[in-house]
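Here, each number is a calculation from the coordinates, and none is a lab measurement. Values in this document were obtained by computation on a predicted structure and should not be read as measured data. All Cβ positions, even for glycine, are placed from backbone atoms using ideal geometry, and neighbour counts span all protein chains on display.
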Amino acid sequence: MLVVLLLSALLCGGCGAVVQRDGEIINQIKGTNVVLDEIKELLKQQIREIVFLKNTVMECEACGMGGHQPRPSCVPNPCHPGVQCMETPQGVKCGPCPDGMVGNGTHCTDVDECTVVPCHMGVRCVNTAPGFRCGACPAGYTGPQVQGAGLAYATANKQRLMVHLTSLDHGAATPTEQRAQQQNDQHDPPPAPLHRGLSSIFSSSLKASVELGAYHQEGGGGGSGEV
């Protein structure tokens, strides 16, 4: 009898532990279900909000409002530095690129005016950004130091040099002077050099004097006296 009571006590104690563990698992499952229900409600609410926003955007586009897009402006200036920015109903518009540059007004790049050879032969051409300038004249020459911007300006304003009068005393021209004179002749043939003109006049005068003297020696002067 005592043995039966002991066995019953042991078995009942084990049953209590099993029942307690099952209760804890059931409670955890219930808690998980509650959390899942809350998440499901949040998702439903977000879906409703997304649908509402989508309908609002579609209504704005249908009415021609175009939403709340900001209108483009010239602040900050989207054009190339130095290019005028204009605000139009169609949006921002940039003016033409500065002289000596090419592009769409938003992006401008420099052009090389030295490709059209605006400077005199023997004179260095320096391409700047933008524009160009001609270097110093070679020895024995003088002329304007041409500078400007743009291919049209460089083509229409080519540099022309003139020989210094003081250089005529040094005899024949140097190779640099000869090349410069040839380039000037190609653009606009100049009159004969001053020293050649003087030599020609002197030779003509001397020839006339000699002929006149010979005429007097042959009797031309005597005939005139007899008259």
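What is the distance, in nm, between label points placed 7 Å from the Cα along the Cα-to-Cβ direction at GLN84 and at MET162?
My value for the distance between the label points is 4.0 nm.
Non-local amide H neighbours of CYS137 (under 5 Å, H modeled in plane, Pro and chain starts lacking H): which ones?
Those qualifying (amide H under 5 Å, at least 5 residues apart or on another chain) number zero.
Go ahead and run the numbers for FRET between LYS30 and ILE50, Cβ-Cβ distance against an R0 of 22 Å, rounding to 0.05.
0.10
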